[in-house]
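The values are calculated or read from the model by the stated rules, or taken from the named source; none is laboratory data. Just so it is clear, the model here is predicted, and its values are computed rather than measured. All Cβ positions, glycine included, derive from the backbone under ideal geometry; neighbour counts span all protein chains shown.
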Amino acid sequence: MDPEKPDAAPARPKRRFEPADGDYERRVRESYATQTFMQHIGAELGRIEPGYCEILLPFDRRLCQQDGFLHAGVTTTLADNACGYAAYTLMPEGSRVLSVEFKMNLLRPASGESFAARAEVIKPGRNLTVLEGTVYALSGEEGEKVEKEIAFMVATMTRA
């Protein structure tokens, strides 16, 4: 991977799943609205599809570490939440979702005008779901946004 070459984010999720509940998007949005920490940092839900979730965050200096890059804890939070809600889209009504484990790779310093975490289910299960999530730094004008991968997560979520 060339560190100076922008990485293209997937236009659509790679995999197709059937949700257990046709009202999955409402459930995801209602659950996300109760995430007070995500509200506190200014993160918002983007696109939601069965097995897929996007979370968007504008740059905020208060969320940076000492060198001005988005803090790794915030980057990890974005990926973890995107993975959790991607898994939740495939769970039946009445379910709750919790992280079991994740591995986070920080690929480059998190510098951008805004950030997007995109997560996708790799393997859904009755109780455990395996996912991948990528966090991108975005810069440039609307319509000409440049996206660079800054972090990659592999996660396992459980239905609680």
Pairs only if they're at least six apart or on different chains, beta carbon under 8 angstrom, first in region 9-22 and in a loop (DSSP other than H, G, I, E, B), second modelled with pLDDT under 85; list them, first residue then second.
none
Kindly indicate whether R108 is assigned to a loop (DSSP other than H, G, I, E, B), in contact (Cβ under 8 Å) with a residue 24 or more places away in the chain, more than 23 Å from D21 (Cα to Cα) and over 12 Å from the mean Cα position of the chain (by Cα).
yes
Would you mind telling me which numbered condition in (1) at pLDDT 95 or above; (2) more than 19 Å from V28 (Cα to Cα) T89 fails?
(2)
Looking at region 126-154 only, could you name the residues that are at pLDDT below 95 and farther than 23 Å from V74 by Cα?
R126, E141, E142, G143, E144
Across region 80-105, what is the number of residues that are within 14 Å of the chain's Cα centre (by Cα) and among the aliphatic types (A, V, I, L, M)?
4
Residue identified as surrounded by fewer than 21 Cβ atoms within 10 Å (Cβ to Cβ), part of a strand (DSSP E or B), out of contact with any Lys or Arg (no Cβ under 6 Å at 6 or more places or on another chain) and not β-branched (V, I, T) among G46, G73, G68:
G46
